[in-house]
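Heads up: the structure comes next, in structure tokens.
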Amino acid sequence: MTSFSDQYLQETLSIVGALDADSIERVALGLAAVRTRNGRLFILGVGGSAGHASHAVNDFRKICGVEAYAPTDNVSELTARTNDEGWDTTFDRWLQVSRLGPADALLVFSVGGGNLEQHISANIVAALQYAAQQGASSFGIVGRDGGFTGQVADACVVIPPLFPDHITPHTEGLCAVVWHLLVTHPALKASETKWESVP
């Protein structure tokens, strides 16, 4: 009898095998171009993806030399904006104060990619709309059909939703795999990681 662990790992292998390597390459080269033009990278995510955003900021800064930020790292501003102006404004207003411009980029981590009609991750949608208005680039690592992020991003990796009962864990788990691929990519990696440098 197959255990759940065996099943989950086999699902993961199937999804990894179905990933579009070309879309990952496009994101890597797009992010490298942001660094080349001295732009900043703003990484957006909610829920578990907010934790991923914080971790990824560290990696892009330390390993790739990209000036990166996650709005959700400032819990005081996040909760003040939620309380005073509404959840939907939390990212675009933050980006306005940060003076988002054409040299900069967003990187979205999201299971659904945002959906205006269903009012899901509306703050991500608003941030992407604002980025487009400012001429900033946008990228994503998302699941399902990519949602709004998949529709508007300059390049986007969609984690294939091959197993409907496990879309969220596979998307969030493989998001970490993809962003670690990105920070290891020769187009982006600028510093050696610790354990690879220890004899």
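Every number here is computed from the coordinates shown, using simple stated rules; none is lab data. Everything numeric in this text was worked out from a predicted model, so none of it was measured. Cβ: placed from backbone, ideal geometry, glycine included. Neighbour counts: every protein chain shown.
Summary table
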item: Positive minus negative residues near Thr193 (Lys, Arg vs Asp, Glu; Cβ under 15 Å); result: +1
item: Efficiency of FRET between Leu13 and Asp73 - r from beta-carbon atoms, R0 41 angstrom, step 0.05; result: 0.80
item: Length gained when the stretch Leu162-Asn58 is fully extended (0.36 nm per residue, less Cα-Cα span); result: 34.4 nm
item: Amide proton proximity set for Leu44, modelled H, under 5 Å, gap of 5+; result: Leu107, Val108, Phe109
item: Inter-label distance, nm, simple model (7 Å from Cα along the C-beta direction), Thr184/Asp6; result: 2.8 nm
item: Per residue, the convex hull volume that the Cα atoms of region 28-188 enclose (Å³); result: 101 Å³
item: For region 115-126, 3J(HN,Hα) per residue [Karplus equation, 6.51 cos²θ - 1.76 cosθ + 1.60, θ = phi - 60°, Hz, x = Gly/Pro]; result: 8, 5, 4, 8, 6, 10, 6, 5, 5, 5, 4, 4
item: For region 32-38, 3J(HN,Hα) per residue [Karplus equation, 6.51 cos²θ - 1.76 cosθ + 1.60, θ = phi - 60°, Hz, x = Gly/Pro]; result: 4, 5, 4, 4, 4, 8, 6
item: Residues Trp179, Trp195 arranged by fewest to most Cβ contacts within 10 Å; result: Trp195, Trp179
item: Computed E for His119/Gln151 - FRET, C-beta separation, R0 22 angstrom, nearest 0.05; result: 0.85
item: Extension gain (nm, one decimal) between Glu85 and Asp20, 0.36 nm per residue minus Cα-Cα; result: 19.6 nm
item: Inter-label distance for Arg37 and Trp195, nm, one decimal - labels placed 7 Å from Cα along Cα-to-Cβ; result: 3.7 nm
